[in-house]
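The values are calculated or read from the model by the stated rules, or taken from the named source; none is laboratory data. Predicted model, so just to flag it, every value in this text is computed and none were measured. Glycine also receives a Cβ, built like all others from the backbone with ideal geometry; neighbour counts cover every protein chain displayed.
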């Protein structure tokens, strides 16, 4: 069996296809920012509302896929190159110990990626409108929960800031 070295990307090491990550980040940002308008349109159109009710679960599936994939790719690149800039990359907040919920720190991009990868529970920030039916509107925040060294933590990820910082520091 012969070994073949792909000279296309990253010299002699392997690497992800960055354009796909950029496309996914574009989709993620648009997905969250379009949620309010789509929710308003559903209120005026029962057929669209029915369609969105059938498709609504894909919102979380797609957001989770993009965030998890992008987090893993950022960590691979950072572990290999050590380039992930931690300064001015705040994209949320972190409570390192839920027993002390008032001790909140900024969530830099690398730590956001860690929390996305290691979370045990994910919750979305939603508004539910009641107009004869439930209509979910997704705000651009996600809450991640997990534990580290026996302490439960909570990370609040701002999707807009995540995409901005990821684009500036990774892709």
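List of remarks:
- Here residue 102 fulfils each of the conditions (1) exposed (fewer than 13 other Cβ atoms within 10 Å of the Cβ); (2) at pLDDT 95 or above; (3) under 30 Å from residue 43 (Cβ atoms) apart from (3).
- Of residues in region 6-33 being in a loop (DSSP other than H, G, I, E, B) and modelled with pLDDT of 65 or more, the one surrounded by the fewest Cβ atoms within 10 Å (Cβ to Cβ): 17
- Search result, residues across region 52-61 that are part of a helix (DSSP H, G or I), farther than 16 Å from residue 157 by Cα and either at pLDDT 95 or above or out of contact with any helix residue (DSSP H, G or I) (no Cβ under 6 Å at 6 or more places or on another chain) (or both): 53, 54, 55, 57, 58, 59, 61
- Just so you know, in region 120-144 the residues that are closer than 22 Å to residue 163 by Cβ, more than 12 Å from the chain's Cα centre (by Cα) and at pLDDT 85 or above include one that is surrounded by the fewest Cβ atoms within 10 Å (Cβ to Cβ), and it is 127.
- Residues that are farther than 20 Å from residue 30 by Cα, touching a helix residue (DSSP H, G or I) at 6+ places or on another chain (Cβ under 8 Å), in contact (Cβ under 8 Å) with a residue 12 or more places away in the chain and in a strand (DSSP E or B) are absent from region 81-90.
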